[in-house]
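Note sheet for the following structure.
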Amino acid sequence: MDLWKIHDNIINRAKTRTYDSLKHQNHHIIPKHENENSEDIVPLTFKEHYIIHLIRYKLGFGLGNYKAYLLLRNWKNTEKYSEFLKEISQLGATSYHTKYKERDPEKYYESQKNAGIRGGQTSYIKQLGFFSLSEEQKSAGRKKGNETVVNNKLGMFSDEYREKHRKTLFKKISVGGIIYNSMKEVSEKYSICASSVTYRANSSSLTWINWFYVEKENCNE
């Protein structure tokens with residue numbers, strides 16, 4: 001199926017016909033969300049309008065076209081309105097997180113961690129969400145959450161996190177002027193767990209000033 005051909009046929013047909021403004025909708029040939037300076041418009045029927053946006057989405061012209069398609073398809077259907085809003089929200093969130101994560105992974109993870117901490121603190125103080133449940137409900141929720149995380153390889157069980165953790169294990173660490181080749185060496189030397197090594201190496205406390213990573217991204221590939 002030649003989507004460009006279908007797209008151009010609809011637009012060219014709309015340019016040459018007479019129309020009833022009550023039965024047609026104005027469409028920017030290049031949608032505003034693709035180009036704010038777009039001024040050329042054509043009259044399209046309701047069906048043509050949502051088809052054009054769906055075609056442009058499939059041709060790779062952005063999520064805005066899919067949002068427009070859904071809006072045009074569901075705007076009269078009040079029963080599906082909440083479902084439509086949920087889908088739009090999920091699409092937008094997925095698109096945002098994907099782009100942010102690709103653009104600056106380190107900043108993305110830091111932002112997510114801080115957001116989680118702030119949200120958790122607020123929920124605890126105000127006894128909202130999880131903290132408003134009974135102990136029995138909390139226990140069941142924790143069990144279900146753990147199963148979901150493990151089964152779907154999320155968070156610390158994801159391949160991405162495991163690879164990042166593997167690299168951390170092999171970073172060189174300086175302790176009191178002595179350089180160790182891995183976190184394991186330091187753990188065995190001082191009889192502490194890996195998380196304690198990480199804490200000390202990242203700490204800004206004067207107590208651990210002599211603990212630090214020699215090369216931030218050093219790793220045995």
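No lab work stands behind these numbers, since they all come straight from the coordinates. Quick caveat, the model's predicted, so the values are computed rather than measured. When we count neighbours, we look across all protein chains shown, and the Cβ atoms used for this are built from the backbone with ideal geometry, even at glycine.
As a footprinting exposure proxy, order Met1, Met156, Met183 by other Cβ within 10 Å, with the fewest listed first. All intermediate terms of the calculation are to be shown ahead of the outcome.
Values: Met1 6, Met156 11, Met183 23.
Starting with the residue having the fewest Cβ neighbours, the order is Met1, Met156, Met183.
Averaged across orientations, what area in nm² does the convex hull of the alpha carbons in segment 151-197 project? Display every interim value, and only then the final one.
On the way: hull surface 14.6 nm².
Mean projected area for segment 151-197: 3.6 nm², to one decimal.
Counting pairwise Cα distances across segment 170-213, what percent come out greater than 16 angstrom? Show your work: numbers first, answer last.
Working: 207 of 946 pairs.
Everything past 16 Å amounts to 22 percent.
Any chance you could count the Lys pairs in segment 3-76 whose alpha carbons are under 14 Å apart, treating pairs 8 or more apart or on different chains as valid? Present the calculation step by step, with values, prior to reporting the outcome.
On the way: Lys5/Lys58; Lys23/Lys47; Lys32/Lys67; Lys47/Lys76; Lys58/Lys67.
Eligible lysine pairs with Cα atoms under 14 Å apart amount to 5.
Using every Cα-Cα pair within the chain, state what percent have a distance larger than 24 Å. Don't skip to the answer; put the middle values down first.
Values: 16293 of 24310 pairs.
I get 67 percent for the Cα pairs in the chain exceeding 24 Å.
At 0.36 nm per residue, minus the direct Cα-Cα distance, what do Glu102 and Leu128 gain on full extension? Give it in nm, one decimal, please.
Working: separation 26, 0.36 × 26 = 9.36 nm, distance 3.26 nm.
Additional length available on full extension: 6.1 nm.
Could you bin all the Cα-Cα distances of segment 3-76 into 10 Å bins starting at 0 and give me the percent of pairs in each, rounded to whole numbers?
Calculated P(r), rounded to whole percents: 20, 56, 24, 0.
Just want the ordering: Ile209, Ile51, Ile173, from fewest to most Cβ atoms lying within 10 Å of their own Cβ.
Details: Ile209 10, Ile51 17, Ile173 22.
By the 10 Å Cβ count, ascending, the order reads Ile209, Ile51, Ile173.
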